[in-house]
Every structure is written in C-alpha cells, then in structure tokens.
Amino acid sequence: CEHSFPTRRSSDLGKEHKVSEIEVGKFCLQVKYAVTGRRDKSLGIIMLIKDITEVKEKDKELILKSVAIREIHHRVKNNLQTVASLLRLQSRRVENKVAKKMFRESISRILSIAITHEVLARNGLDDVDIKTILCKIKKSIVSYGFEASGNITVDIQGDSFMVNSEKATSIALVVNELLQNSLEHGFCNRQSGQIQIVIQQGIMYSNISILDNGQGFDIQDMENDNLGLNIVRSIVKEKLNGNIKIESNVQGTKVVFDFKN
C-alpha cells in the first residue's frame, strides 16, 4: 500500500534517508523513510510503504528460467559432443578415405551446433554474440581434423552483435561448411594462404563474407557434386531468409550470404 504525506520544502528535510525490504507473510514490502527537521528543531518522519511482491515474483521466475535455459543448452551440448566422439571412434575403424572424409565432415557439422549451445549455456539467454560463435567455429575446424598448413591463416573481423539461438545455429553451420571448403579445396597445391571472415551488421539485413586467396574452383562442377554447398544454399534460403553469392577464379574465392535481422 502507498500513503501520501504533506509536501515539505526541501530546506525542511534532513539528510537521513533509508530504504529496506521486509517480508510479511506472502507479501514483500519496500519501506522508504526519512527523518525531517525544521529550523525550530522539531523532528518528523516521512514513510512510504510499497507492495513489491509481484516484482519479486517476476524476478524469481526470470532467474529460474535462466537456470533452466542454461541447463538445457548444457545438456544438448554434451549430447552432441558425445555423438561426435562416437562418430570419431567409428571413423578410426574405417579404411576407405572417402568414408573417413564423410565422417570428418559430419563431426565438424555436429561440433559447430554444439559450439552454439555451449555459448548459450554460459549466457543463460536465448541470444548470442555472432562474432564469438564464429571465433569458436574457426578454432574447432582447425583443431578437429582439417590439417591445413600452418601457413594458412584464418582472420575474423567486422561487427559484433547479438542473434537468437536458432539463427546462430544456422549461421554456424553455414560458416562451418564454407570454411571447410576453403581449407579443403582452396589450397591443395599451395603452401600458404589467407582466409578472411568479415561480419557486417545492417539495418534490415546483415551479411557475412568468406574470402580466400586460394586457387579457386569451377562453381558449376562444385555445386553439382558438393553436399556442403547444397546444405549452405538450403540453410541460407529456408532458415535465414537470405541470399548467397559465390565468386571464384584463379585469384581466390569469395562467398557472401545475408540474413534478416
């Protein structure tokens, strides 16, 4: 409940002012009071009592929701990493090089999704910084089986902004595939090279560019026989509501895809 008191001039008020919260049964009350004094040295107290039970209940619900979200993302991440570990064990029993390559690509895709859930588990929110996700994707690809030369560098630059979990997962998969393609096909006969990932935030649409200075490839042949590029086109169109553009020649390859904010 709130109670109003007569208005006093600022010159009449003392400096002592305190705020406290008390619980009375199921209610949580905020108590504000101040000691006032006049020039004739008479004293008085101004007190305001406010019911903040509903506010406190909403705060508790948000905390519980955040904890639940973290736990869910943590379990999903652990389950995906377990699946990746099982596939890695199975791949060691396979001698065929093509089959090993397929296992490796599948493991990388699974880990790219797991990375998104790992970051979400730490934040306890449904939004995640896209630049953080891409930095972890880069580290994961270089670490898990794509033995690119140590002279091939991957640089990430551009804007840092938040996207929701569903969009982050789709972007992670797309960048994972494009980075794999650059490492696998762009530098087959080269000892050094550079890959750049550039993030640009827009008003309605944002875009991400993956550029390399590799040997390039025939886009028609690659699209007809490359599962990764087919996955990329499908995700960009259906999940991100965006477009993708691929340019490739002997000087390198540039892939740009956009997504709705």
| Has the stretch 7-16 got any residue that is in a strand (DSSP E or B) and modelled with pLDDT of 70 or more? | no
| said: Could you check the stretch 232-243 and list, in sequence order, the residues that are without any contact (Cβ under 8 Å) to a residue 40 or more places away in the chain and surrounded by fewer than 19 Cβ atoms within 10 Å (Cβ to Cβ)? | reply: ARG233, SER234, LYS237, GLU238, ASN241, ASN243
| field | Condition met for SER248 (over 29 Å from ILE69 (Cβ atoms) and surrounded by 13 or more Cβ atoms within 10 Å (Cβ to Cβ)) | value | yes
| remark: Checked the stretch 94-120 for anything of a type in the set (Asp, Glu) and either assigned to a loop (DSSP other than H, G, I, E, B) or more than 20 Å from the chain's Cα centre (by Cα) (or both); matches are GLU95, GLU105
| said: If I ask for residues that are among the hydrophobic types (A, V, I, L, M, F, W, C) and either exposed (fewer than 11 other Cβ atoms within 10 Å of the Cβ) or free of Cβ contacts under 8 Å to residues at least 24 places away in the same chain (or both), which ones from the stretch 56-68 would you list? | reply: LEU62, ILE63, LEU64, ALA68
| query | Pairs, please: C-beta under 9 Å, at least 6 apart or cross-chain, first residue within 10 Å of VAL163 (Cα to Cα) and open to solvent by 10 Å² or more (accessible area, probe 1.4 Å) and in the stretch 116-138, second in a helix (DSSP H, G or I) and among the charged types (D, E, K, R)? | reply | ASP126/GLU166
| said: I'd like the residue in the stretch 171-211 that is closer than 24 Å to MET102 by Cα, over 19 Å from the mean Cα position of the chain (by Cα) and among the polar types (S, T, N, Q) and, out of all such residues, is modelled with the lowest pLDDT. | reply: ASN189
| remark: The lone condition SER91 fails out of (1) within 18 Å of the chain's Cα centre (by Cα); (2) more than 30 Å from VAL250 (Cβ to Cβ); (3) surrounded by 17 or more Cβ atoms within 10 Å (Cβ to Cβ) is (1)
| task | Go over the candidates GLU21, GLU71 one by one and state the one that is in contact with a helix residue (DSSP H, G or I) (Cβ under 9 Å, 6 or more places away or on another chain), modelled with pLDDT under 85, surrounded by fewer than 13 Cβ atoms within 10 Å (Cβ to Cβ) and in a helix (DSSP H, G or I). | result | GLU71
| said: If I ask for residues that are modelled with pLDDT under 90 and open to solvent by 40 Å² or more (accessible area, probe 1.4 Å), which ones from the stretch 251-261 would you list? | reply: GLN251, LYS260, ASN261
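Okay, residues lined up against (1) closer than 26 Å to ILE115 by Cα; (2) aromatic (Phe, Trp, Tyr):
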{"position": "GLY186", "(1), (2)": "yes, no"}
{"position": "GLY228", "(1), (2)": "yes, no"}
{"position": "ASN241", "(1), (2)": "yes, no"}
{"position": "GLU247", "(1), (2)": "no, no"}
{"position": "VAL250", "(1), (2)": "no, no"}
{"position": "PHE259", "(1), (2)": "yes, yes"}
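The values are calculated or read from the model by the stated rules, or taken from the named source; none is laboratory data. All values reported here derive from a predicted model rather than from experimental measurement. Please note: Cβ atoms are built from the backbone with ideal geometry, for glycine as well, and neighbour counts cover all protein chains shown. Keep in mind that these areas ignore ligands, DNA and RNA; they rest on the heavy atoms of the full protein, side chains included. Shrake-Rupley method; radii C 1.70, N 1.55, O 1.52, S 1.80 Å.
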